[in-house]
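The structure appears right after this line, and notes come after that.
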């Protein structure tokens, strides 16, 4: 195994990648969705809690239902994307820890502390969403993450049968249309938001 | 630019990477820290808010101070690491949006809604922490993320002069000692936590 990845690969997943607002008319297959998940699930989460619960909206009907709960600016970004994934989390993720983290009794760490579980589930589910975007880019796809959605509405619409799941944000996935993006926003110098002690 | 990254690169950043508990006696330079930041800052955040405020503890004195606020199981993982970074966030990140997101008046979207800002800052700062770990791995380093710390204590210790910053989690970075890890925890099948609609 190589020690580092190539400059080309760094360009693809970080330096040249952009968030897209519009999409080419080119499908994303179920195999591609599964390949993204097979990578993202390898990323680290606290005690391997894997709290993300993902709904991949691929049919036009599902995307239209999701778009109903989005801000006006986001509706078309959802309807026209090949796939739009809902990144949700399970408040009771600790119930799965006996098999996800078999080394020790991690379930007991989280029992009786729902607020702490929600905080941890949101943090770790966001990590998994970042892995999802990097994985999609690594496989040749583009992403368009969005937080401008009515999360309660999305939760009721898509997690009605999972009363302990909550939607947290959404991300369109496809082949980005380069005409749909603006100039890249500025990035900070190291000193602006970092300190070495 | 290539359309996808190589299998070797996917192994390095996802499939073969592990979270380490112990570290080889090999330094991580300031240049390496800056190279990690130069990649992670390219990752997407909502309205380019870049809410992470990072303190890279590199001196033994800083790592010892940080370890004082960690659970017993984590103290050595901090003290012996070449670098341990505190991933914090700025509750008032919106003050920076006029230059970070110059396309429109995004600052006004967040004014007067501190709870919403904290929620967004935590989510987007977690995304940036995930980019940090992927970037470190891509550059040949290993990570050891930890949430077992007294966050109020770390905030008081390291953000005393930045009263609107909050610590959220920490991550050791270095060259992992393969003797310090357990067998990999199981990963879920797609059907367990995913649904295609």
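The values are calculated or read from the model by the stated rules, or taken from the named source; none is laboratory data. In this text, all values refer to a predicted model and were calculated from it rather than measured experimentally. Every residue, glycine as well, gets a Cβ built from its backbone with ideal geometry; the counts of neighbours run over all protein chains shown.
Conditions (1) part of a loop (DSSP other than H, G, I, E, B); (2) crowded, with 17+ Cβ neighbours inside 10 Å; (3) modelled with pLDDT under 95; (4) at the interface with chain A (Cβ under 10 Å from one of its Cβ atoms), marked per residue:
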| site | (1), (2), (3), (4) |
| --- | --- |
| B:162 | yes, no, no, yes |
| B:170 | no, yes, no, no |
| B:173 | no, yes, no, no |
| B:182 | yes, no, yes, yes |
| B:186 | yes, no, no, yes |
| B:192 | no, no, no, yes |
Exception for residue A:62 within (1) part of a helix (DSSP H, G or I); (2) more than 8 Å from chain B (Cβ to nearest Cβ); (3) more than 27 Å from residue B:11 (Cα to Cα) falls at (2)
Hits in segment A:163-186 - residues which are in contact with a strand residue (DSSP E or B) (Cβ under 7 Å, 6 or more places away or on another chain) and over 16 Å from residue B:46 (Cβ atoms) = A:164, A:165, A:166, A:173, A:174, A:175, A:176, A:177
Exactly one of A:91, A:86 is surrounded by 23 or more Cβ atoms within 10 Å (Cβ to Cβ) and in contact (Cβ under 8 Å) with a residue 12 or more places away in the chain, and that residue is A:86
Mind checking which residues of segment A:1-27 are crowded, with 17+ Cβ neighbours inside 10 Å and within 7 Å of chain B (Cβ to nearest Cβ)?
-> A:5, A:9, A:10, A:12, A:13, A:14, A:19
For residue A:81, which of the numbered conditions (1) part of a loop (DSSP other than H, G, I, E, B); (2) more than 16 Å from residue A:23 (Cα to Cα) fails to hold?
-> (2)
Can you work out which of the residues in segment B:41-58 that are part of a helix (DSSP H, G or I) and touching a residue at least 60 places away in the same chain (Cβ under 8 Å) is farthest from the other protein chains (Cβ to nearest Cβ)?
-> B:47
Every residue from segment A:107-141 that is facing chain B (nearest Cβ under 10 Å) and not in a helix (DSSP H, G or I) = A:139, A:140, A:141
When residues of segment A:89-106 are limited to those that are within 12 Å of another protein chain (Cβ to nearest Cβ) and part of a loop (DSSP other than H, G, I, E, B), the one nearest to the chain's Cα centre (by Cα) | A:101
Number of the exception - residue A:86 against (1) more than 8 Å from every other protein chain (Cβ to nearest Cβ); (2) assigned to a helix (DSSP H, G or I); (3) in contact with a helix residue (DSSP H, G or I) (Cβ under 7 Å, 6 or more places away or on another chain) = (2)
Could you tell me whether residue B:122 is touching a helix residue (DSSP H, G or I) at 6+ places or on another chain (Cβ under 9 Å), more than 22 Å from residue A:122 (Cβ to Cβ) and at pLDDT 95 or above?
-> no
Of the residues A:25, A:38, which is free of Cβ contacts under 8 Å to residues at least 40 places away in the same chain and not in a loop (DSSP other than H, G, I, E, B)?
-> A:38
